[in-house]
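Below: the structure, in structure tokens.
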Amino acid sequence: MREDAPFQHKLRATMQTKRGRASRRKRTAVAPAIAHQLAPQGGEPAQGAAQKPCDGRRHAAVSNLLVAARYEEERQLAS
């Protein structure tokens with residue numbers, strides 16, 4: 001049994017609720033953008049294995065901020 005099994009069970013239970021599914025729909029809008037940013041460009045190997053995780057986190061943070069800004073802008077326009 002994995003050490004995070006209780007956490008995984010909790011997440012699965014959350015996905016059975018309306019609120020959990022709504023949260024998942026928001027998350028799926030962000031995931032493809034992050035995957036696109038992390039995809040290798042031009043077929044060349046990455047420059048340094050230690051640099052890659054840092055770049056991924058930076059890209060994810062910027063992507064999340066852009067999505068949050070878009071949601072905030074849409075919310076302001078709707079009110």
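Summary of packing: across the peptides 57-69, 10-22, the per-residue average of other C-beta atoms within 10 Å ranks them, highest first, as 57-69, 10-22. Here the 3J(HN,Hα) profile of the range 65-76, calculated from phi with Karplus coefficients 6.51, -1.76 and 1.60 at θ = phi - 60°, is 5, 5, 5, 4, 5, 5, 4, 5, 5, 5, 5, 5 Hz, Gly and Pro shown as x. Label-to-label distance for LEU77 and ALA5 is 4.8 nm, based on points extended 7 Å past Cα in the beta-carbon direction. Between ALA35 and ASN64, the distance separating the two model label sites (each 7 Å from Cα on the Cα→Cβ line) works out to 1.9 nm.
Could you give the nm distance between label points at ARG21 and ARG57, where each point is 7 Å from its Cα heading toward the beta carbon? Label-label distance for ARG21 and ARG57, simple model: 3.5 nm.
Computed from the coordinates by the stated procedures, all read-outs in this text should not be read as laboratory data. Computed from a predicted structure; not experimentally measured. Here Cβ is always computed from backbone atoms with ideal geometry, including for glycine, and neighbour counts include all displayed protein chains.
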